[in-house]
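The values are calculated or read from the model by the stated rules, or taken from the named source; none is laboratory data. Being a predicted model, the structure only gives us computed values, none of them experimental. We place every Cβ from the backbone using ideal geometry, glycine too, and count neighbours over all the protein chains shown.
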Amino acid sequence: RQLLAHDIIPAVIIGDMDSVEEGILRYFKEKGSKVIRYSKRKDETDTWLALEHAFDMAPDEIIIMGALGGRIDHTLANIFLLVMASDKGVKAKIIDETCELFVMKDTVTIDGNLGDTVSLFPLSPAVSGITLQGFEYPLSDGVMKMGSPYGISNRLKEKQGIISIGSGYLLVVKFYKEVQ
């Protein structure tokens, strides 16, 4: 429905189709979309299957839309799929109208505006060697452990911020709009 609302014609539609109306599928097929249908009884989520299909295409980057909100279990699963992409050496991010999320393992530069909110969450038991430059709350060689979310609601104090880590997986959430 979201693709239809934004007049986007996907090359491939993958999944069990339990949340897609047949009329919408028919429309996309007529427009040239390939439909790969899976059983509803499966271990993988539809997003996981789509990501695996995308990996086979050897992309430089994967952008996942429509992966936040709705069911919290699916949202968390989609976030953890970013780790899978990172392990395969593929840059992947989830975006929606308010933010973008990605997993990092080394150094990234965050482009934005003064005051943009950036939150960090460990996706490993511990993420070490965390250094933040260009942020309201800088950090040098810090450690974040799961269950201690002190990386939430930092802000860019410049147009760019640099995040570096030594080990682990760090989830970065960068908001596009001012967060209250």
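Could we say that Thr75 is in the same structural domain as Val143 (by TED's automatic domain parsing), modelled with pLDDT of 90 or more and either buried (at least 16 other Cβ atoms within 10 Å of the Cβ) or closer than 30 Å to Ile162 by Cα (or both) here? No, not satisfied.
The residues in region 11-38 that are out of contact with any Pro (no Cβ under 8 Å at 6 or more places or on another chain), at pLDDT 90 or above and part of a loop (DSSP other than H, G, I, E, B) can be counted, and the count is 6. Evaluation of Gly147 against the conditions (1) modelled with pLDDT of 95 or more; (2) at positive phi shows that the sole unmet condition is (1). Any residue that is touching a Leu at 6+ places or on another chain (Cβ under 8 Å), within 25 Å of Phe55 (Cα to Cα) and either of a type in the set (Lys, Arg) or in a strand (DSSP E or B) (or both) - is there at least one of those in region 147-170? Within region 147-170, one or more residues are touching a Leu at 6+ places or on another chain (Cβ under 8 Å), within 25 Å of Phe55 (Cα to Cα) and either of a type in the set (Lys, Arg) or in a strand (DSSP E or B) (or both).
From the list Asp111, Asp141, Asp116, the one residue that fits, being closer than 22 Å to Ala85 by Cβ, of a type in the set (Asp, Glu), in contact with a strand residue (DSSP E or B) (Cβ under 9 Å, 6 or more places away or on another chain) and at pLDDT 95 or above, is Asp111. When you scan region 93-135, how many residues do you find that are of a type outside the set (Asp, Glu), farther than 30 Å from Leu3 by Cβ and not in a strand (DSSP E or B)? Count: 6. For the residues Gly115, Gly70, the requirement of being on the phi > 0 side of the Ramachandran plot and either surrounded by 12 or more Cβ atoms within 10 Å (Cβ to Cβ) or assigned by TED's automatic domain parsing to the domain that holds Trp48 (or both) singles out Gly70. Scanning region 39-54 for residues that are part of a loop (DSSP other than H, G, I, E, B), free of Cβ contacts under 8 Å to residues at least 12 places away in the same chain and either basic (Lys, Arg) or surrounded by 14 or more Cβ atoms within 10 Å (Cβ to Cβ) (or both) returns Arg41, Glu44.
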